[in-house]
Amino acid sequence: MSIKTDLIKKLKDKSAKMAILGLGYVGLPLAVVFGEAGFKVTGVDPDKRKIDALAKGESYIPDVKSDAVSKLVKGGMFTATTDFSVLKDMDAVSICVPTPLRQTGDPDMSYIVSAMEELSKYMHKGMVVVLESTTYPGTTRELLLPKLGTDHNLTIGEDWFLAFSPERVDPGREDFTTINTPKVMGGITQACGEVATAWYEGAIKTVHHVSTAEAAEMSKLLENTFRMINIGLVNELAIMCEYLGVDVWEVIDAAATKPFGFMKFTPGPGLGGHCIPIDPLYLSWKMRSFNYNARFIELASEINTNMPRYVVSRLLEAMNDLGKTLKGSKVLVMGVAYKPDIDDVRESPSLDVIGLLQKKGADVSYHDPYIPHIHHEYDGWHMDSVKDLMKSVKEADAVVIVTNHKVYDYKAVIESAKFVFDSRNATGKLGAFANVERL
Ligand SMILES: NC(=O)c1ccc[n+]([C@@H]2O[C@H](COP(=O)([O-])OP(=O)(O)OC[C@H]3O[C@@H](n4cnc5c(N)ncnc54)[C@H](O)[C@@H]3O)[C@@H](O)[C@H]2O)c1
């Protein structure tokens with residue numbers, strides 16, 4: 001039996017031993033889905049606090065229930081460790097480590113490199129490796145293939161198998177989760193794609209096999225670039241509507257009644273999260289090596305990056321109209337997570353809004369039911385969420401809604417606040433109010 005046939009057999013009957021490198025927002029849900037599908041899963045993560053929590057059956061990711069982790073741990077279907085040497089026994093390894101951008105806008109590949117270096121020590125014949133981390137096109141072939149295969153004299157597509165499968169997790173979403181969101185899979189060779197697809201089909205409902213790893217890498221960048229550019233478009237629309245004295249929210253809702261050829265995107269205080277603001281920049285970074293300027297991405301990025309500044313300038317003007325200065329005024333920022341109903345503040349535009357308000361001399365505080373504390377890594381400031389929301393709303397000269405969490409009672413906020421600037425149209429359904437201005 002060939003190595004490929006033997007491995008596919010083990011993957012299909014789920015006797016293959018599998019590991020997931022990186023147990024964060026992506027890796028932990030994936031580990032649970034594979035464990036629940038009947039694979040014995042080993043999670044490896046250098047963060048000891050996460051490993052200790054998982055050993056006790058506790059989840060630290062809101063979308064993953066502790067009950068699910070605890071059941072798998074007790075049933076011996078999931079173990080987690082900081083010890084990479086477990087990789088020596090593995091047949092299948094999925095890499096789900098972070099891929100942030102450096103402050104200079106270049107991709108930070110250090111997590112992929114360190115995971116790859118650990119894995120490289122334990123590479124052997126009969127392994128399949130799938131990279132899930134979002135990255136620039138070419139990473140799987142240019143970075144992983146030499147280090148994991150060529151350096152060990154392993155022939156790709158015969159001795160071992162390598163593929164890219166972009167993660168599509170959308171934190172906080174309940175209708176589409178890891179198990180029922182179709183997964184794209186592209187191998188370095190056709191055989192690589194077939195083996196990796198056989199593995200993932202054992203746990204994920206739909207796996208869409210494309211011809212190359214690059215096609216899979218590029219498909220993820222298309223998805224997120226599509227979102228980023230369309231958000232950039234509606235953000236610019238919001239700016240244009242303000243000049244024209246037209247309500248942008250009314251315009252978008254009207255356009256969205258068209259049953260075909262239009263997809264609704266909404267403006268806001270800027271992009272946030274681990275994906276939309278970052279991933280398209282991987283593509284533009286890569287294209288620069290061809291002396292090609294990814295113009296749509298650069299333009300949308302410029303518009304989106306300026307939105308926190310635009311929100312603050314709108315607030316400044318509104319306060320001026322009320323005869324107040326931003327300098328010295330109490331401003332309460334409501335919601336700092338990068339999107340509603342989640343506890344993730346990564347790349348959130350709220351951090352920029354708060355920083356800009358502070359620079360204008362405002363006395364800024366914030367409230368977020370999901371984020372008790374924020375720390376701005378680059379600017380070095382810390383802040384705690386106010387404890388009593390309604391007391392702070394009453395005391396503030398202005399309330400700025402940055403994240404439209406569902407749990408907020410917006411009617412009560414409007415009734416108590418002196419002035420509200422709503423950058424998300426969280427209050428839109430409540431009607432027009434003299435003390436509310438919307439983006
Ligand atoms: N979070 C999302 O919504 C989302 C959605 C789609 C794609 N992605 C992509 O998936 C990847 C992972 O994102 P995430 O949100 O899960 O990140 P995360 O920060 O939540 O988790 C990453 C985990 O990897 C661990 N880690 C770091 N170095 C490691 C190493 N050398 N070996 C093993 N583990 C290591 C970290 O300790 C952490 O627990 C990124 O490329 C991201 O862009 C994320």
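The values are calculated or read from the model by the stated rules, or taken from the named source; none is laboratory data. Just so it is clear, the structure is predicted and the values come from calculations on it, not from any experiment. All Cβ positions, glycine included, derive from the backbone under ideal geometry; neighbour counts span all protein chains shown.
For this structure, a couple of remarks:
- Any chance Lys48 is basic (Lys, Arg), within 15 Å of the ligand (Cβ to nearest atom) and either under 30 Å from Asp6 (Cβ atoms) or out of contact with any helix residue (DSSP H, G or I) (no Cβ under 9 Å at 6 or more places or on another chain) (or both): yes
- Entry remark, region 399-427: residues being small (Gly, Ala, Ser) and in contact with a Lys or Arg (Cβ under 7 Å, 6 or more places away or on another chain) number 1 in total.
- Test: residue in region 156-176 that is in contact with a Leu (Cβ under 6 Å, 6 or more places away or on another chain), under 19 Å from Leu222 (Cα atoms), crowded, with 17+ Cβ neighbours inside 10 Å and of a type in the set (Phe, Trp, Tyr): yes
- Flag for Gly126 being surrounded by 14 or more Cβ atoms within 10 Å (Cβ to Cβ) and at positive phi: yes
- All helices (runs of 4 or more DSSP H) inside region 267-384 with 1 or more residues being within 16 Å of the ligand (Cβ to nearest atom): 279-288
- Within region 70-101, the residues that satisfy the criterion of being more than 14 Å from the ligand (Cβ to nearest atom) and either surrounded by 13 or more Cβ atoms within 10 Å (Cβ to Cβ) or farther than 18 Å from Ala16 by Cα (or both) are Ser70, Lys71, Leu72, Val73, Lys74, Met77, Phe78, Thr79, Asp91, Ala92.
- Taking region 366-391 as the range and being among the charged types (D, E, K, R), surrounded by 12 or more Cβ atoms within 10 Å (Cβ to Cβ) and within 20 Å of the chain's Cα centre (by Cα) as the test, only Asp368 passes.
- Leading residue by the ranking (farthest from the chain's Cα centre (by Cα)) among those in region 397-422 that are farther than 19 Å from Leu351 by Cα and among the β-branched types (Val, Ile, Thr): Ile414
- Region 101-124 residues that are over 15 Å from Thr139 (Cβ atoms), paired with ones that are aromatic (Phe, Trp, Tyr) and within 13 Å of the ligand (Cβ to nearest atom) (beta carbon under 8 Å, 6 or more apart): Glu118/Phe84; Lys121/Phe84; Tyr122/Phe84
- Considering region 98-124, the residues that are farther than 14 Å from Leu144 by Cβ and touching a Leu at 6+ places or on another chain (Cβ under 7 Å) include one that is modelled with the highest pLDDT, namely Tyr122.
- Some residue of region 384-396 being under 21 Å from Ser348 (Cβ atoms), charged (D, E, K, R) and modelled with pLDDT under 95: no
- Residues in region 132-143 that are in contact (Cβ under 8 Å) with a residue 40 or more places away in the chain and either in contact with an Asp or Glu (Cβ under 6 Å, 6 or more places away or on another chain) or within 15 Å of the ligand (Cβ to nearest atom) (or both): Glu132, Ser133, Thr134, Thr135, Tyr136, Pro137, Thr139, Thr140.
- Positions within region 152-190 being of a type in the set (A, V, I, L, M) and either within 11 Å of the ligand (Cβ to nearest atom) or not in a loop (DSSP other than H, G, I, E, B) (or both), in sequence order: Ile156, Leu162, Ala163, Val169, Val184, Met185
- Residue list for region 103-123, restricted to those being out of contact with any His (no Cβ under 6 Å at 6 or more places or on another chain), within 22 Å of Ala31 (Cβ to Cβ) and assigned to a loop (DSSP other than H, G, I, E, B): Lys121, Tyr122
- Flag for Leu30 being within 18 Å of Glu201 (Cα to Cα) and more than 15 Å from the ligand (Cβ to nearest atom): no
- Subset of region 10-27 (residues that are assigned to a loop (DSSP other than H, G, I, E, B), in contact with a strand residue (DSSP E or B) (Cβ under 8 Å, 6 or more places away or on another chain) and within 16 Å of the ligand (Cβ to nearest atom)): Gly22, Leu23
- Asp279 passes every criterion in (1) at pLDDT below 95; (2) surrounded by fewer than 22 Cβ atoms within 10 Å (Cβ to Cβ) apart from (2).
- Single residue of Val41, Val64 found to be without any contact (Cβ under 8 Å) to a residue 60 or more places away in the chain, within 15 Å of the ligand (Cβ to nearest atom), closer than 22 Å to Tyr200 by Cβ and in contact with a Leu (Cβ under 6 Å, 6 or more places away or on another chain): Val64
- Failed condition for Leu332, given (1) surrounded by 15 or more Cβ atoms within 10 Å (Cβ to Cβ); (2) more than 29 Å from Val169 (Cα to Cα); (3) without any contact (Cβ under 8 Å) to a residue 40 or more places away in the chain: (3)
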